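Since the structure comes first, as C-alpha cells, the remarks are kept for the end.
The values are calculated or read from the model by the stated rules, or taken from the named source; none is laboratory data. The shown structure was predicted, so the numbers you read here are calculated from the model rather than taken from an experiment. Backbone-built Cβ (ideal geometry, glycine too); neighbour counts: all protein chains shown. Just the protein is used for accessible areas: all its heavy atoms, side chains included, with ligands, DNA and RNA removed. Shrake-Rupley method; radii C 1.70, N 1.55, O 1.52, S 1.80 Å.
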Amino acid sequence: MKASVINQNSANETLIRELYRIAEVQDSKGFTALFAEDGYFWDVASGNKYYGQDIGKTVDVFATAFPDMHRELYELYVLEDENTVIVELSLNGTHNGPLQLASGTLDPTGKTINVPCCDVFKIENGKVKSFHCYNAGTILLAQLGVL
C-alpha cells in the first residue's frame, strides 16, 4: 500500500495526535479511553500485549520511570486506506524513577534517554483498534547503562 503524508488533519491523524498528547500529560485513563473495546497495545520490544484497562499501564510505567517523558514526533503518515497511521518518533526523558522491565525493576540511573521508535496504529470507528510500538529496547537499555 502506498503511504502518503497528510497535510490536512484527518480524523485519524487528530486521534493519534490526541493519544500522544494524553500520554504526555500522563493520563493513563484518558489514554485507554481512546482504544476500541477490543483494542490492544503491543510493546514489541518486550513482547507484552495489553488489553482493556491494562493498556494504561504502559503510560504509568514510563511516567514513573521518566517523570519528564517527552515523545518527539518526527513524521506522521496516514496510509491511503485512512485506517492505518504510522509515526516515527523518539522517547526522551531522564530515568529518575524505578523502571519495570520483564526481567525485574531497574532502579533510577539519572541517565537521559533518546530512544528511536516507530508506532503503527489501526483505527476503527474513531478508536484505536491496535497499537504496535516498535521501540529500540536495546538502545534504551544501553543508554541506561544496562548493556
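Enumerate the strands (runs of 3 or more DSSP E) found wholly within the range 84-147, keeping only those where 3 or more residues are at pLDDT 95 or above and closer than 19 Å to H70 by Cβ. Quick ask: steps written out before the conclusion?
Details: elements: 84-94, 99-101, 104-106, 112-124, 127-135.
Of the strands (runs of 3 or more DSSP E) lying wholly inside the range 84-147, those with at least 3 residues that are at pLDDT 95 or above and closer than 19 Å to H70 by Cβ span 84-94, 112-124, 127-135.
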Please identify the pairs in which a residue from the range 9-38 that is of a type in the set (G, A, S) has its Cβ atom under 7 Å from the Cβ atom of a residue that is part of a helix (DSSP H, G or I) and open to solvent by 50 Å² or more (accessible area, probe 1.4 Å), counting only partners at least 6 apart or on another chain. S28/D60
List the residue pairs whose Cβ atoms are under 7 Å apart, where the first residue sits in the range 123-139 and is closer than 15 Å to T32 by Cα, the second is open to solvent by 30 Å² or more (accessible area, probe 1.4 Å) and part of a helix (DSSP H, G or I), and the two are 6 or more positions apart or on different chains. G126/A11
Counting just the residues of the range 53-80 that are acidic (D, E) and part of a helix (DSSP H, G or I), which one comes out farthest from V128 (Cα to Cα)? D60
Against the definition (closer than 18 Å to C117 by Cβ and open to solvent by less than 60 Å² (accessible area, probe 1.4 Å)), how does F31 come out, yes or no? yes
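Determine which member of the set V87, V120, V78 is open to solvent by less than 60 Å² (accessible area, probe 1.4 Å), closer than 23 Å to L15 by Cβ and in contact with a His (Cβ under 8 Å, 6 or more places away or on another chain). Steps first, please.
Values: V87 fails: in contact with a His (Cβ under 8 Å, 6 or more places away or on another chain); V78 fails: in contact with a His (Cβ under 8 Å, 6 or more places away or on another chain).
Unique residue meeting the criteria: V120.
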Could you give me the residue pairs with C-beta distances under 6 Å whose first residue belongs to the range 86-109 and is over 18 Å from A23 (Cα atoms), whose second residue is among the hydrophobic types (A, V, I, L, M, F, W, C) and part of a loop (DSSP other than H, G, I, E, B) wherever it lies, and which are 6+ apart or on separate chains? T109/L144
Quick one: which residue in K49, K127 is open to solvent by 70 Å² or more (accessible area, probe 1.4 Å), within 24 Å of E13 (Cα to Cα) and within 13 Å of the chain's Cα centre (by Cα)? K49
